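Written below as C-alpha cells is the structure these notes are about.
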Amino acid sequence: MSDTAMASLGNADAVDRARAGARSLRRLTVAERVKYLTNLRAIVLRRREEIIDRIQKDTGKSRSDALISEIFGVLDNLAWLEKNAPRYLKERKVHTPIALMGKTSWLWFEPLGTILIISPWNYPFYQAMVPIAVALVTGNTVVYKPSEWTPLEGLIEDLMAEAQAPPNWVVVAYGDGKVGADLIDRKPDKIMFTGSTRTGRKILQQAAQYMIPVDLELGGKDPMIVFEDVDIQRAAAGAAWGGLTTTGQSCTSVERIYVQESIYDAFKAALVKEVERMKQSVDSDGDADIGAMTTDFQVKIVAKQVEDARAKGAQILTGTGWDGVSRLIPPMVVDQMRDDMLLLKEETFGPVLPLLKFRTEDEVIRLANDSEYGLTASVWSKDLDRARRVSRALVTGGVSINNVMATEANPALPFGGTKNSGLGRYKGEHGLHAFCNIKSVLVDKDSAKIEANWYPYTKEKYRIFTEMMVNLFSGGVVNFVKFGLSGMKLESYSKKASKKGRG
C-alpha cells in the first residue's frame, strides 16, 4: 500500500472525530477556551528552541527567520486572542428601529462546528497555530492538514496534548492533495485554505457542491512604491527585508519595486549594497539573514523566471553565481525589467527583487494595479497625504505605509486579498467572526398584542399603515408625533381586526 493510501486510511474518520469533539468544546465559555490558549502560549515560549529546530529541519529557514516570523508571530497572536476574544465574541445588543418598539435585537457569535484548515509549506508552524487558535477560541474543533512538504509531524498534537486539550479538538491529517480532497468530501462546516491560487480554485470548486463556506488566502505579486522624498537607506533596507524574508517565500513578499526616476539610481545602489552584505545559511545559532528554499519545485520556478528575464534583456545585479539548481538561491536584484517578463507577471516566491522606474503618481498606481493579484502593498513617502491617497487607489487587501509586510504583523488587522489573491478575511475581530455563525436574534415579550403587519389585511389597515409610514419617514418633530399617534391607532385596529376577522 502506498504512503498516500495509508495516510488516507488513517485520516478517513478525521472529520467524524473532530465533529464528536465539537460537543464538549461548544459547551465551554469563551473564558474557559481562552485558558487553553494561555497554556499553549506558555508551552511555545518554553519550547521555542526545539520548535525552531523542527521548523528548520522541514523548511531550511535561517534560525532568526523562524524565531521572528513564526515563533514571535504565534505568541503575539495568542496573546491578542487571550485579551480580545472574550470582548469580540460576547453577545451584542444592536439597534432596534422605532417601528419595533418594545423589542430588543442581538447578535450571538456561535461556533460553526468543525473547521478544515489546510496550511502551506512556507510558514508551517505559524499557519498551523494561528488559525487553529482562532478556531478553538470561537468554539470550533479542527481537522488540520499540513503541507506534505513541511508536516512538522507530531508537533501540533504534542503541543495540544501538553496544553491539556482533548485529542478530538484538533485532529491532524497527514498527506498530499488527495487527502485534502477526501476531507472536503467529509463535509466539514468550513474550510480555510492557505496556498496557491491554482489549488485554491480546485478547493473552491469542490466545496461549492456541498455549499461549504471557504476562506482562501492565496498568492500575491506585491508592489512596493517608493517616492522621491523618502529616506533612501531606510527604504532600501525595507525592500531587502520585505522581498527576502523567508527567502522570498511569502505570499506578501515584495515582488515588484517601483522607484521614482529621480532617485532610481541612488535607491538601486543602496539596495545592492544592502543585499550584498547579507549572510545566507541554514545556521544553528541565529547568525544568518536568510536560509534555503524549501522545495525543489519552487527552485525550478525561480530559475525559469530568472532565465526568462535574462533572455529578454534584464540585468542581474547580485547573485549572479547561482547554478540554477541549489536551494541556497542567493538574493538577486534585477534591473532593466520589461512588462512581458515572467518576473513581473507570475508569482515568484523566491529571493528576487525586480526594480522598475516610474515618473508620476497616476502612472505608478496604474502599474501597481496591473496584476491578477491584490494581496498587500507598501507605499513610501514623507508626504503622508500622498501616501494615503495612493494607498486608497491600490486594489489590495492591505497596505503598509512607510513600512513593509507590516499589516500582517498586527493581530488586530484582518488579513486577506482581492482578485486572485483570495476570498474572505482572518485575524482580528473580522477573522474571529468569520469562524462563527453570527446569529441574529430579536426578543419580544409574551403578550396579547397583535402585530400591525400580521393578518388580516384590510382596506382600513392599508390606509392607517400608509399614514403611519408616511409620518415615520417624512422627518421632523411634528411628523414624528403624528407617527406615534398613527402607530397607536394601527395597533388598536390590528387587535380588533384580528378578533373580528373579515366578517
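The values are calculated or read from the model by the stated rules, or taken from the named source; none is laboratory data. Quantities reported herein were computed from a predicted structural model and do not represent experimental measurements. Methodologically, a virtual Cβ is constructed for each residue, glycine included, from the backbone with ideal geometry; neighbour enumeration extends over all protein chains shown. Remember, those area values only see protein heavy atoms, side chains included, never the ligands or the DNA or RNA. Shrake-Rupley method; radii C 1.70, N 1.55, O 1.52, S 1.80 Å.
Things to note:
- Fraction of accessible area attributable to carbon and sulfur, region 365-503 (%, probe 1.4 Å): 58 percent
- Region 378-486: chymotrypsin sites (Phe, Trp or Tyr not before Pro) in DSSP loop, at most 15 other beta carbons within 10 Å: Trp454, Tyr457
- Surface accessible to a 1.4 Å probe, per residue, for the residues of region 23-127, Å²: 47 Å²
- Region 233-353, accessible surface, carbon-and-sulfur percent (1.4 angstrom probe): 48 percent
- Surface composition of region 84-192: carbon and sulfur atoms hold 57% of the protein heavy-atom accessible area at a 1.4 Å probe.
- In sequence order, region 468-477 has phi-based couplings of 5, 4, 4, 5, 5, 9, 8, x, x, 5 Hz under the Karplus curve 6.51 cos²θ - 1.76 cosθ + 1.60, θ = phi - 60°, and Gly or Pro positions carry x.
- The angle between the Cα long axis of helix 48-59 and the longest principal axis of the Cα atoms of the chain comes to about 70 degrees, rounded to the nearest 10.
- Summing Lys and Arg as +1 and Asp and Glu as -1 over all other residues whose Cβ lies under 14 Å from the Cβ of Lys495 gives a net charge of +3.
- Once the 1.4 Å probe is applied to the protein heavy atoms, region 374-439 comes out at 40 Å² accessible per residue.
- For the chain, the pair-distance distribution built from all alpha carbon pairs, in bins 20 Å wide starting at 0, is 21, 44, 24, 10, 1 percent.
- Low-density loop positions, GluC sites (Glu not before Pro), region 429-487 - DSSP coil, at most 13 other Cβ in 10 Å: Glu451
- Cα gyration tensor category, rounded, prolate or oblate, for region 160-252 with a/c compared to 1.5: prolate
- Gain upon complete extension [Gln205, Thr466; 0.36 nm per residue less C-alpha separation]: 89.2 nm
- Spherically averaged projected area of region 324-459 from its Cα convex hull (nm²): 17.1 nm²
- Paramagnetic reach from Gln315 (point 7 Å along Cα→Cβ, amide N under 15 Å) across region 344-370: 354-357
- Among the trypsin sites (Lys or Arg not before Pro) found in region 361-391, those both in a DSSP coil and sparsely packed, with 12 or fewer other Cβ atoms within 10 Å of their Cβ, are Lys382.
- Charge sum, other residues only, whose C-beta stays under 14 Å from Lys449's C-beta, Lys/Arg counted +1 and Asp/Glu -1: +1
- Sequence-distant residues sharing a close amide H with Leu375 (under 5 Å, placed H): Lys221, Gly397, Thr418
- Fully extending the segment from Ala31 to Asp370, taken as 0.36 nm per residue of separation minus the present Cα-Cα distance, adds 117.5 nm.
- Rounded to the nearest 20 debye, the dipole magnitude of region 250-353 is 200 debye, with +1 charges on Lys and Arg beta carbons, -1 on Asp and Glu beta carbons, and the Cα centre as origin.
- Given charges at beta-carbon only (K, R positive; D, E negative), |dipole| of region 94-191 in Debye: 500 debye
- Of Ala208, Pro411, Leu112, farthest towards positive along the dipole that unit charges on Lys, Arg, Asp, Glu beta carbons give the chain: Leu112
- Paramagnetic label zone (point 7 Å from Cα along Cα-to-C-beta, Glu363; backbone N under 11 Å) in region 238-282: 259-262
- Alpha-carbon spread of region 199-320, three principal axes, descending order, Å: 55, 38, 33
- Size of electric dipole in the chain: Cβ of Lys, Arg +1 and of Asp, Glu -1, about Cα centre, debye, nearest 20: 3300 debye
- Between the helical axis of 232-244 and the longest alpha-carbon principal axis of the chain there is an angle of about 80 degrees.
- In this structure region 142-250 gives 37 Å² per residue of accessible area when probed at 1.4 Å with all protein chains present.
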